[in-house]
Amino acid sequence: MHLPAAYAQRLFDARAQGAADRDLRAIVAEGLQVIYFKDGETRPTSSGSSSPP
């Protein structure tokens, strides 16, 4: 799994500027959120039942 390019660049820039570990983790977490949960709204939705899984 690759971190989106924009987040990877932010991560490298922040690291080069001496950002704290906490700040680096926040960038990674934001990138992973995009990959896993937002995904550009391209993930298919389930059809059929309207009840949650």
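Please treat every number below as a calculation from the coordinates, not as lab data. All of these numbers come straight from a predicted model, not from anything done at the bench. Every residue, glycine among them, receives a Cβ derived from its backbone with ideal geometry; neighbour counts consider all protein chains shown.
In a shell of Cβ-Cβ distance under 15 Å around residue 16, excluding residue 16 itself, what net charge do Lys and Arg (+1) and Asp and Glu (-1) give? All intermediate terms of the calculation are to be shown ahead of the outcome.
Details: positive: 10, 15; negative: 13, 21, 23.
Cβ neighbours under 15 Å give a net charge of -1.
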Item checked: Formal net charge of residues neighbouring residue 27 (Cβ-Cβ distance under 13 Å; K, R +1; D, E -1) -> 0
Notebook entry, point to check: Placing +1 at every Lys and Arg Cβ and -1 at every Asp and Glu Cβ, with all other atoms neutral, what dipole size does the stretch 1-42 have around its Cα centre, in debye to the nearest 20?
Noted result: 120 debye
